[in-house]
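Input: a single structure, listed below in structure tokens.
The values are calculated or read from the model by the stated rules, or taken from the named source; none is laboratory data. Just so it is clear, the structure is predicted and the values come from calculations on it, not from any experiment. Here the Cβ is made from the backbone with ideal geometry for all residues, glycine too, and neighbour counts use every protein chain on show. We work out accessible area using only protein heavy atoms, side chains counted, and drop any ligands, DNA or RNA first. Shrake-Rupley method; radii C 1.70, N 1.55, O 1.52, S 1.80 Å.
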Amino acid sequence: MTEPSVHPNLTPQFCFSTVALRDFLRISRGAIDDSITQNLNALVTPAQSGFDPTSTSVRIPRAPSRPIDPRACQAFKDKVLFPSWQARSDVLTYCAYVATSPDPDDPDVALRAVETERNRERVVDERLDPYSGRYFPREARTESLANLLRQERSVESIVRSRTWGLIRERCGDSFQDAEEALDRWRGERENRGT
């Protein structure tokens, strides 16, 4: 069975390193969600009766996917899928906290202050140059991180929806959505004390 995503060491530097943050999310999604069909196929037990050579003599249209043992499906969700989703949720939540907190270590704060001061001192004659009045201050790294997190949360929502649709189709699960199922798993995990 596939291993769940490993929790990275959560620090503000991890969040501000957009390469590290995106790599973690990409690798986690690739290992679990992007390969969900392969992961589910791995749960199907092989044929019970062995190979029958006469089965190849007549071409039969492909039958729907073989059913997956409900216990195997539940084990996959509990041990791989939900822990991976939780790890990604934890990273996105932590980084959202970092993005909304003051950033005393922002290396560009002095540069932005100088640019803002220069803009105040600048003489603007919009008759000569109608675009000279425009000033676009450099974005703080917390704002850049917040924008990135908004994008990644949208991607996460789409990925989970697609994954959950395949889980429901192949495992015959209930009609709850992905977030409800994850919340139920979290509650069960807290009740067990794990």
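For the peptides 14-25, 81-92, residues were scored by their other Cβ atoms within 10 Å and the scores averaged per peptide; the highest-first order is 81-92, 14-25. Each of 169, 156 has its accessible area taken with a 1.4 Å probe; listed largest first, they run 169, 156. One decimal place: the segment residue 9-residue 168 gains 54.0 nm when fully extended, by the rule 0.36 nm per residue minus the C-alpha distance.
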